[in-house]
Structure formats: C-alpha cells, structure tokens
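Data first, discussion second: the structure below is written as structure tokens.
The values are calculated or read from the model by the stated rules, or taken from the named source; none is laboratory data. Just so it is clear, the structure is predicted and the values come from calculations on it, not from any experiment. Backbone-built Cβ (ideal geometry, glycine too); neighbour counts: all protein chains shown. Accessible surface areas use protein heavy atoms only, side chains included; no ligands, DNA or RNA. Shrake-Rupley method; radii C 1.70, N 1.55, O 1.52, S 1.80 Å.
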Amino acid sequence: MPVMIRSYQPSDRPQIVDLFDEFQDYIASLDPFQRLRRLPGYGEYALQKTLDDMAAHDGIFYVATDRDLVIGFVAGTIKKSSQEELLEVVPSVRGRVTELYICH
C-alpha cells in the first residue's frame, strides 16, 4: 500500500508525540555545543504547541501514513497582512511551514 497523506486526527497523538521526541533527539545530536536537549514530556508539549498554533492561525496539520503507522507530519499556518503591515506592503496571504518531519 502506498504512503497516504491525510489530516491529523486525535487518535494520531501517541505516534506524533513519539515522532516529535525522535525529531528533537535528531536536532540535539546535530548541536556541536550540546545546548539542545529533549527532556521527558517534550513530545507532548511540542504537539500541543503545534495544535494551538494551528487553531490560532488558520493552520493545517497533515500526517503521512504507511498502513496504520504514522511516518511523518507537516504543519503550516496562514498569515494575512495586518492593518499596520498594509502601510508598507501589498495585501497578501502568506503561508509558513512550521513543522516538517518524515522518519527514515
């Protein structure tokens, strides 16, 4: 069965928490100064922060699955120009990818 992309569902939570932990472990391993770390509870915190960001900013959160296994995720937000920004920019809608991770 091919990899499928679908919207995040609350039942994905345990697998996404694990992926956030795995992602942070990887990022911390790249830090030559060892300033980054992952403490217990990080994955749950990162997921909730992402979900809150999605709710506050017209966001989307998709997961990639292989059979019943979540193998990755992408989250993004939409930002419209504020009244103050319109003083200096042409009206526009911008998208921002806030999270992207595919496990190997």
For Cα extents along the principal axes in Å, calculated from these coordinates, the label among [x] 47, 27, 18; [y] 37, 29, 26; [z] 45, 41, 21 | [z]
May I ask you to list the GluC sites (Glu not before Pro) in the chain that are in a DSSP loop and have at most 12 other Cβ atoms within 10 Å of their Cβ?
-> E84, E88
Where trypsin sites (Lys or Arg not before Pro) in DSSP loops with at most 16 other Cβ within 10 Å are excluded, longest remaining stretch of the chain = 68-104
Accessible area per residue, 1.4 Å probe, Å², for the chain: what's the number?
-> 71
Write out the chymotrypsin sites (Phe, Trp or Tyr not before Pro) in the chain meeting two conditions: DSSP loop, and at most 16 other Cβ atoms within 10 Å of their Cβ.
-> F33
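Hey, what number do you get for the chain at 222 nm if only DSSP H runs of n ≥ 4 count, each worth -39500 (n - 2.57), divided across all residues, to the nearest 500? Mind showing how you got there, number by number?
Working: 2 runs with 33 residues, N = 104.
Rounded to the nearest 500, it is -10500 deg cm²/dmol.
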